[in-house]
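The structure appears below as structure tokens.
Each reported figure results from applying straightforward, stated rules to the coordinates on display, with no laboratory input. Since the model is a prediction, treat every value here as computed from it, not as a measurement. Heads up, the Cβs are rebuilt from the backbone with ideal geometry, glycines too, and the neighbour counts pull from every protein chain shown.
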Amino acid sequence: MSNTSVIRAARVVGLLLAAIMLVYLATYDGVWESDNPFLVPDILMGALLLASSVLPSRWAPPAMIFAFGWTAGILAVTVFNNQLTRDEFSVLNLGMALAAAAMTTLLIRVLVAGRVPGQVGVPAG
């Protein structure tokens, strides 16, 4: 998979995750309550994913790495918090967290490829 393809796929995944977050924020009961500890991180998650996915090609990869890393962390905490406090397991949140982690990894590989001799993206011998 070429660097351009990875970045294009990351943009699509970022926009999809941002759309899911916007729908969640718009429709889920109780999300806007003042005692919701995830409200600000969820808003930031959607905003970071959306903004980083539409940045120019020069700035998009590092911004998406941050946004996807943030998303993976927040959603991982959410999955475990819901399991511990409500005895609920969200396959959607876990899937989103795994997608964000995968995109972070792929984008790091793209950023490093060709910049460090003998490392990721440089063919052996």
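So, in the range 1-36, of the ones that are of a type outside the set (D, E, K, R) and more than 28 Å from residue 59 (Cα to Cα), which residue ends up surrounded by the fewest Cβ atoms within 10 Å (Cβ to Cβ)? Full working, then the answer.
Taking the range 1-36 first, the residues of a type outside the set (D, E, K, R) are 1-7, 9-10, 12-28, 30-32, 34, 36.
From the residues that got through so far, the ones that are more than 28 Å from residue 59 (Cα to Cα) too are 26-28, 30-32, 34, 36.
Details: 26: 9, 27: 8, 28: 11, 30: 8, 31: 14, 32: 10, 34: 5, 36: 13.
Ranking the candidates gives 34 first.
Output the residue which, of all residues in the range 93-110 that are touching a residue at least 40 places away in the same chain (Cβ under 8 Å) and surrounded by fewer than 17 Cβ atoms within 10 Å (Cβ to Cβ), is farthest from residue 44 (Cα to Cα).
Out of the qualifying residues, it is 109.
Give me the residue from the range 78-92 that is part of a helix (DSSP H, G or I) and of a type in the set (Ser, Thr, Tyr) and, out of that set, surrounded by the fewest Cβ atoms within 10 Å (Cβ to Cβ).
Taking the range 78-92 as the starting set, the residues that turn out to be part of a helix (DSSP H, G or I) are 78-86, 91-92.
Still in the list and also of a type in the set (Ser, Thr, Tyr): 78, 85.
Details: 78: 18, 85: 8.
In this case the residue turns out to be 85.
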